[in-house]
Amino acid sequence: MQNDLPANSKPLKERTSKAERRALQEAQRAAKAAAKAEGSKLPATTSGAVASANVKPTKATKPSSQKNDSATVASSEKKGGDRPPEKDRKKDAPHPRMQYDDKSRVEKAKRRAVVKQTEARNRVELFRHLPQYEHGTQLPDLESKFFQLDPVHPVVYKVGLQYISGDISGGNARCIAMLQAFQEAIKDYSTPDEKTLTRDLTAKINSYVSFLNECRPLSISMGNAIRFLKNRIAKLPLTLSESEAKAFLQSDIEQFISEKIILADKVIVKHAVTKIRDGDVLLTHGSSSAVEMILLHAHELGKQFRVVIVDSRPKLEGQLLLRRLVGKGLSCTYANINAVSYIMHEVTRVFLGASSVLSNGTVYSRVGTACVAMVAHEFRVPVLVCCEAYKFHERVQLDSICSNELGDPDAISKVPGREDINYLDGCTNSENLQLLNLIYDATPSDYVSMIVTDYGMVPPTSVPVIVREYCRDQVWI
Amino acid sequence: MWWRSASFILDHRLQEDPPNDIASSSKEPDTLSKLSPPQTHSSFMAAADPFNPIPNPKISAYYQTRAAHTAVVTSDWLAQAQAAVGHHPDDSPAPQTQLLASPSASGKSFCVINEFNNWRKQPDLAEAVAAIRALAAVIRASEATTMMELEIELKKASDSLKSWDTTSISLTAGCDLFMRYVTRTSALEYEDFNSARSRLIERAEKFGEISCKARRIIAMLSQDFIFDGCTILVHGFSRVVLEVLKTAAQNKKLFRVFCTEGRPDRTGLRFSNELAKLDVPVKLLIDSAVAYTMDEVDMVFVGADGVVESGGIINMMGTYQIALVAHSMNKPVYVAAESYKFARLYPLDQKDMAPALRPIDFGVPIPSKVEVERSARDYTPPQYLTLLFTDLGVLTPSVVSDELIQLYL
């Protein structure tokens, strides 16, 4: 909120009209008054207020201790009357994501929340802005509330529970489940009296989305799908009757699932298979549905190749993939990520899945992917990232800190089935132990040779072109 | 990129005012006569064809033509050509090539590949342009009455052209580009068939001009990068690079050129001959002396057989190692290539391309147990290239993919 102010007052300097000059004067006066009232401890705020009036756009976020003072400054500026209407401000910058180290906002969000999450106590300093909850406490609570929850459609509720319990995981599966739940919800929806479908349904979808977000933070691909749906609702022709509109939306969702996810995967497989030759050794990390399809299809085509599956704790998703591949008769090698530098020298291609690909070519994927890509790059092994274009996002991210998801910290402190490994028993609650279980990481584009997407095989530098050409108004066409 | 080229814009203007449209259709017979391949050539070819279509299917036809046009003709090359003539009587092309006979009532059969080969003979004509002219000839010979029929016929012709020589990237790129124009140009949708057809033919005719114009544009663009007193390393015989250096010499720039020898077809010898004619100081190097001389060099100039989607280039064998050496010594590597060489390919490494083989003469007999690497080209990844000079402007390698996405998607 604060950084908007200087940005808005930026054009002031060019053409200072009378009113604006007065606003500036008033702001300065208010700042002075505030400084007097607060006593001597406030030089910083005064300078801040003057700075904002004096058109200095560099002022970044303020520490929350100064919140009250800056509020007075803000209100005094409001009196000046040169604040642009709310609408314009929204367009300037994308809505900031919720920062979970901002206490007052977290409190507010909690009051609205349906899912009662208990927050974890010892959080790692760098990752305080991400939500982290005690795992396993919400399920019984939610189940007991099933009949009281009016606003959430049962199907959406079911999907939410499946997210919490981990029954549905993987970007595509989660996205499809969500869309299908929305489809059901739209089918059962009827517009209440004195409301319009467009508005009321959007509100409904919003409440579902926030419910799902509480169950598990949304992935970027789901965000894109939701944006698509909302856009479709907003653009519904007013002449349609309610049943027509509902049928329209349902078929739109159906089309999104089949074109952007299922067909896209088929095209990706078609492209990627051309890069597999006889005698290749392919390495993959974790379990990606696109990579699995590629491997199976190449096997069906009769190509002779070997697969190395690199896996990592705590999820060990690679074992699932391994089981399915071995069942189909592929020859596989299974290794832990610790062994990746050893196994890499015999590998000829690395195929990786991705949760999202960002505008600067950064690949946002299951934690460990960056490590595999870097080792492969060091060994001069080409790294192919397979990702459907609906997962592309215009955002830019440089590290895996500012946006990530935190998993259950207990998962890394305990080894299930190994009672003898109990070194951390009893000290997980200690004040000076902080456990960090990251879910995703960001792979810089330097380590990626190619991105295989439904628009063909492109270098990571071309992601913004695809986003620009095919994602107008943030809706994939 | 097609629509940014000069002739496309001209074309576009033509469409916008209708009177011109009529004028262009009246011009049609004129265009046709200009477009038909030189008769002398074809008759000459029928008599004694030194380069028969695919004399040996294992050997890249593209590189044979290149060698014939640009290289010093060596004894081994002559022997090979002779052998080829001996093996194949001239009018029977290799069995896998599809004869594309137009279903004409007059019984005149027409073969797109022969047509292509006729055009290809001209040393100044790029392969892609020859392909497009051959396809234009298909349109002329075609008796299709709807756009769809014509499209199918063209598709067949371009497929047979592409399969005729899979090693030539610019042939594939040229065919794709033309097909793209036929299938995509919305300008063709609202016209009646005949004027659409003549527009296509006209378009193909213009393509030859673009090819020459593109070289001029590239030469102009690259002048800013050649400074007085610089030393330029050149590899292979590229018509574009020659044009660049020619223009620089005409602009009274003082520079000196190092030419690699370009084994085995010795394209460098020919290139140094051309430069000597322009009075440019030139020095010949053997291919293995590149690293030795690199610290004297200020920039490396190469052409390209094809520019691929990653922004890397496919070029004559040896380009990759020169780029590597230049990169490690922090010398810029400039590529001069026309935009019709942009191809929808994405090789991940050297072996990820269809091999293009050529004969190599070592001067002494090689024992049969010894294997010979006969590949004619290599792939240079984009991180070793500094800039690409194209008729679309001076591009960084990553822009190539952007242009391709805009064109083909």
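The values are calculated or read from the model by the stated rules, or taken from the named source; none is laboratory data. Because the structure is a prediction, the values reported are computed rather than measured. FYI the Cβ positions are ideal-geometry reconstructions off the backbone, even for glycines, and counts take in every protein chain you see. Calculation scope for accessible area: heavy atoms of the full protein, side chains included, ligands and nucleic acids excluded. Shrake-Rupley method; radii C 1.70, N 1.55, O 1.52, S 1.80 Å.
Observations on the structure shown:
- Placed amide H near A:N336: partners under 5 Å, 5+ positions off or other chain: A:D311
- Descending principal axes extents, segment B:254-409, alpha-carbon based, whole Å: 51, 46, 29
- Every Cα-Cα pair of segment B:220-331 was included, and the share exceeding 23 Å stands at 22 percent.
- Of A:K204/A:K246; A:K270/B:K341; B:K213/B:K252; A:K303/A:K328; A:K187/A:K230; A:K108/A:K230, pairs whose Cα-Cα distance is over 18 Å: A:K270/B:K341; B:K213/B:K252; A:K108/A:K230
- In order along segment B:220-233, the Karplus-derived 3J(HN,Hα) couplings, from 6.51 cos²θ - 1.76 cosθ + 1.60 at θ = phi - 60°, round to 5, 4, 7, 4, 5, 8, 9, 10, 4, x, 8, 10, 10, 9 Hz, and Gly and Pro are given as x.
- Restricting the chymotrypsin sites (Phe, Trp or Tyr not before Pro) of segment A:396-477 to loop positions (DSSP other than H, G, I, E, B) with no more than 12 neighbouring Cβ atoms within 10 Å leaves A:Y423.
- For segment A:209-215, 3J(HN,Hα) computed residue by residue from phi via the Karplus equation (6.51, -1.76, 1.60; θ = phi - 60°) reads 4, 5, 5, 5, 5, 5, 5 Hz, glycine and proline entered as x.
- Accessible area per residue, Å², segment A:165-205 with all protein chains present, probe 1.4 Å: 49
- Area projected by the alpha carbon convex hull of segment A:226-321, averaged over all directions, nm²: 8.8
- Remark on segment A:438-464: accessible area falls by at least 10 square angstrom from chain-alone to full-complex state for A:S449, A:M450, A:Y455, A:M457, A:V458, A:P459, A:T461, A:S462, probe 1.4 angstrom.
- Note, ³J(HN,Hα) from phi for segment A:441-456, Karplus 6.51, -1.76, 1.60, rounded to Hz, x at Gly and Pro: 9, 10, 9, x, 5, 4, 8, 10, 7, 7, 10, 8, 9, 6, 8, x
- GluC sites (Glu not before Pro) within segment A:380-477, DSSP loop, no more than 16 other Cβ atoms inside 10 Å: A:E394, A:E419, A:E431
- In segment A:268-314, the residues that give up 10 Å² or more of accessible area when the other protein chains are added, compared with the chain on its own (1.4 Å probe), are A:K275, A:R277.
- Total accessible area lost when B and A pair, probe 1.4 Å, Å² to nearest 100: 1400
- Close amide H contacts of B:C230 (hydrogens built in the peptide plane, cut-off under 5 Å, sequence separation of 5 or more or a different chain): B:R256.
- Listed residue pairs exceeding 20 Å between alpha carbons, taken from A:K158/A:K195; A:K315/A:K414; A:K158/A:K266; A:K266/B:K155; B:K253/B:K283: A:K158/A:K195; A:K158/A:K266; A:K266/B:K155
- Chain-alone versus full-assembly comparison, segment B:376-409, residues with accessible loss of at least 40 Å² (1.4 Å probe): B:D402, B:I405, B:Q406, B:L409
- Segment B:204-309: trypsin sites (Lys or Arg not before Pro) in DSSP loop, at most 16 other beta carbons within 10 Å: B:K252, B:K253
- Compactness ratio for segment B:352-409: Cα radius of gyration over 2.2 N^0.38 Å (N = residue count) comes to 1.77.
- A:F379, B:F342, reordered so the largest accessible area comes first (probe 1.4 Å): A:F379, B:F342
- Note on A:N231 and A:D167: the model spin-label points, each 7 Å out from Cα along the C-beta direction, lie 3.2 nm apart.
- Cα-centred dipole magnitude for segment A:366-477, charges only on beta-carbon of K, R (+1) and D, E (-1), debye, nearest 20: 420
- Theoretical FRET efficiency, 1/(1+(r/R0)^6), r = Cβ-Cβ of A:I401 and B:Q223, R0 51 Å, to 0.05: 0.60
- Rg/Rh for segment A:160-286, where both radii come from Cα atoms and Rh is the Kirkwood radius: 1.09
- Sequence-distant residues sharing a close amide H with A:L352 (under 5 Å, placed H): A:L384, A:V385, A:C386
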